[in-house]
Amino acid sequence: MEYFEPSMLIILALVAFAAGFIDAVAGGGGMLTVPALLSLGLPPHIALGTNKLAATFASSTAAFTYYKKKLFDPSCWRRAFVATLIGATLGTLFVDAISTEWLEKVLPLVILAAAIYTIWHKTPNATQNASPKPCPKLHKKQILQGLSLGFYDGVAGPGTGAFWTVSSMALYRLNILLASGLAKAMNFTSNFTSLVTFAILGHIDWVLGLTMGVCLMIGAFVGAHSAIRFGAKFIRPVFVTVVSVLAVKLAYEAWFVSL
């Protein structure tokens, strides 16, 4: 492991806490941690692998918190779990064989569309925290959603939690609190899958990743409890703000930085 200045590690820890909080509420925390890791001079593949290690801590903490508060029922989403696992595995394995240049330019528009959808879309009453009843149509939706978003997280990753939240509201008519709980569980699934692959390839700085992971866990714990306590009135503005900033950041990097 490389030696880093204590001041840099403190800044990284604060960034990780903020990322964990944001990720637990709205998703998109990786847009803070990945640039922070790259700023330390880590090679891109090491930065991505280390981020997956830290992100797995955060997503597991947030997912468990939502589950403990009975805002996520794993038995209703078994097909989504399996589909996400398969999608993330395929995405991670094929990431080197697929050109992602088009993703860099299209991604900001997709994320911005998610923000706009959240602003104008009327979700079900936030007090009705009941998971939808299983049905054949719901099963098909879970499989398609899990495969596509799992694959995306394996290939790229930015905004995966936000995509899970907004697509779950649209597909299953979930309120934003239940959709956030589902997003965290599935994000953990794809994060862990990618983590295993990166570990096999040796693309992880374990000490740095574990240090960040602890800070992300604390941030995720605070963020998830804040979201559950204050509900949709708290989640919605945070969600819209995060995805909007994410869209602007990605658009700037994809369209203007290389000019």
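Quick rundown of the values:
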{"item": "Cα gyration tensor category, rounded, prolate or oblate, for segment 160-232 with a/c compared to 1.5", "result": "oblate"}
{"item": "For segment 1-81, radius of gyration divided by Kirkwood radius, i.e. Rg to Rh on alpha-carbons", "result": "1.07"}
{"item": "³J(HN,Hα), Karplus 6.51/-1.76/1.60, whole Hz, each residue of segment 6-11, x for Gly, Pro", "result": "x, 5, 5, 5, 5, 4"}
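Every number here is computed from the coordinates shown, using simple stated rules; none is lab data. Given the structure is predicted, the values throughout are model-derived calculations rather than measurements.
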